[in-house]
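Everything on this sheet refers to the single structure shown next.
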Amino acid sequence: MTSYVFPPSNLPTLPIVGATDVFPVARVFCVGRNYAAHAAEMGNEVDREAPFYFTKSAFAVARSGSDWRYPQKTNDLHHEVELVLALGEEGALFGYAAGLDMTRRDLQAASKEKRRPWDTGKDFEGSAVIGAITPVAEAPTPEEMSIRLTVNGAERQSAPVSDMVWSVPELLADLAGLYHLRAGDLIMTGTPAGVGAVVPGDVLRGEIDGLAPVDLHILPQQ
Ligand code: MN
């Protein structure tokens with residue numbers, strides 16, 4: 001029997017709508033610039049050759065509604081509401097969730113300027129806030145979904161999911177050519193236009209038709 005020098009970390013889990021079993025998270029893939037209007041607001045054009053990705057550690061995952069503090073080393077924390085794909089056995093699509101790709105935009109901008117990786121801007125503790133997963137059989141199709149985000153009740157982001165440059169089947173096929181997708185993998189599929197800063201005290205709600213919402217109340221930095 002393996003004996004550890006300290007207890008191994010437990011990976012995060014996510015609740016599943018209508019079930020008591022939970023979803024154990026493996027990897028978190030994120031799609032960049034998957035809505036043309038968001039690419040434009042960031043001063044970029046969509047690359048129609050192929051999608052591109054960045055990743056977050058599983059330890060960046062936080063459940064909807066969990067205690068969440070404004071992160072360190074940023075003065076420009078942004079919200080990005082996204083449709084999240086949850087993969088089951090054999091990497092097949094298991095379900096959908098609403099998620100928030102929280103971003104230290106100032107650190108990401110500095111990384112872009114120096115042509116460095118985005119990790120410190122994107123992959124920090126709590127940066128992937130994910131709502132309960134709705135199994136595919138009980139969810140609408142992505143073509144039927146629209147996605148929106150409110151901050152303190154005021155709408156900031158709203159778009160049909162069909163505005164995505166790369167559709168769900170296209171993303172799954174492309175990623176499966178790059179990785180051996182496995183049960184527990186999450187794919188954050190990109191955000192529509194309207195991203196912006198949030199501050200301690202703000203209450204965020206991301207909604208996608210037919211799915212459980214994702215809620216985030218930003219507490220002061222500790
Ligand atoms: Mn994003």
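Normalised by the number of residues in segment 13-219, the average gap of Cα pairs under 8 Å and 6 or more apart makes the relative contact order 32 percent.
Just check segment 165-222 against the gyration tensor rule for me: Cα atoms, a ≥ b ≥ c as the square roots of the eigenvalues, rounded for a/c under 1.5, and otherwise prolate or oblate depending on whether a/b exceeds b/c.
Working: a/c = 2.37, a/b = 2.05, b/c = 1.15.
Prolate.
Which one of GLY206, LEU172, VAL151 is farthest out on the positive end of the charge dipole of segment 13-219, using unit charges on Cβ (Lys, Arg +1; Asp, Glu -1) and the Cα centre as origin? Checking the options against the dipole of segment 13-219, the answer is VAL151.
Among the trypsin sites (Lys or Arg not before Pro) within segment 1-48, which fall in a DSSP loop and have no more than 14 other Cβ atoms within 10 Å of their own Cβ? Intermediate results must be reported in sequence, preceding the final value.
On the way: sites: ARG27, ARG33, ARG48; in loops: ARG27, ARG33, ARG48.
Qualifying residues, ordered by number: ARG48.
Give the Debye-formula value of log10 I(q)/I(0) at each listed q (0.09, 0.10 Å⁻¹), with one equal scatterer per alpha carbon of segment 13-219, two decimals each. Debye curve over Cα of segment 13-219, log10 I(q)/I(0) at q = 0.09, 0.10 Å⁻¹: -0.30, -0.37. Ranking ALA193, ALA60, THR134 by Cα position along the charge dipole of the chain, where only Lys, Arg, Asp and Glu carry charges on their C-beta atoms, puts ALA60 farthest toward the positive end.
Rounded to the nearest 20 debye, what is the charge dipole size of segment 154-222 about its Cα centre when +1 sits on each Lys and Arg Cβ and -1 on each Asp and Glu Cβ?
My answer is approximately 160 debye.
For segment 129-222, the list of trypsin sites (Lys or Arg not before Pro) that fall in a loop by DSSP and count at most 15 other C-beta atoms within 10 angstrom reads ARG182. Charging the Cβ of each Asp and Glu at -1 and of each Lys and Arg at +1, and nothing else, the dipole of segment 13-219 about its Cα centre rounds to 780 debye.
Longest segment of the chain with no GluC sites (Glu not before Pro) in a DSSP loop having at most 10 other Cβ atoms within 10 Å?
Values: sites that count: GLU45, GLU49.
Excluding the exposed sites themselves, the longest stretch runs over 50-222.
Note on segment 13-219: with neighbouring protein chains present and a 1.4 Å probe, carbon and sulfur make up 50 percent of its accessible heavy-atom surface. When you filter the trypsin sites (Lys or Arg not before Pro) in segment 62-100 for DSSP loop state and at most 14 other Cβ atoms inside 10 Å of their Cβ, you are left with LYS73.
For segment 13-219, the per residue solvent-accessible surface stands at 45 Å², with DNA, RNA and ligands left out and a 1.4 Å probe. The H on the amide N of GLY32, modeled in the peptide plane, is under 5 Å from the matching H of PHE52, TYR53, PHE54, each at least 5 residues off or on a different chain. Over the residues of the chain, the helix contribution to mean residue ellipticity at 222 nm works out to -3500 deg cm²/dmol, using -39500 (n - 2.57) for each DSSP H run of at least 4.
The values are calculated or read from the model by the stated rules, or taken from the named source; none is laboratory data. Because the structure is predicted, anything quoted here is derived from the model rather than measured. Don't worry about glycine lacking a Cβ; one is built from the backbone with ideal geometry, like all the others, and counts go over all protein chains shown. What goes into the accessible areas is simple: the full protein's heavy atoms, side chains included, and nothing from ligands, DNA or RNA. Shrake-Rupley method; radii C 1.70, N 1.55, O 1.52, S 1.80 Å.
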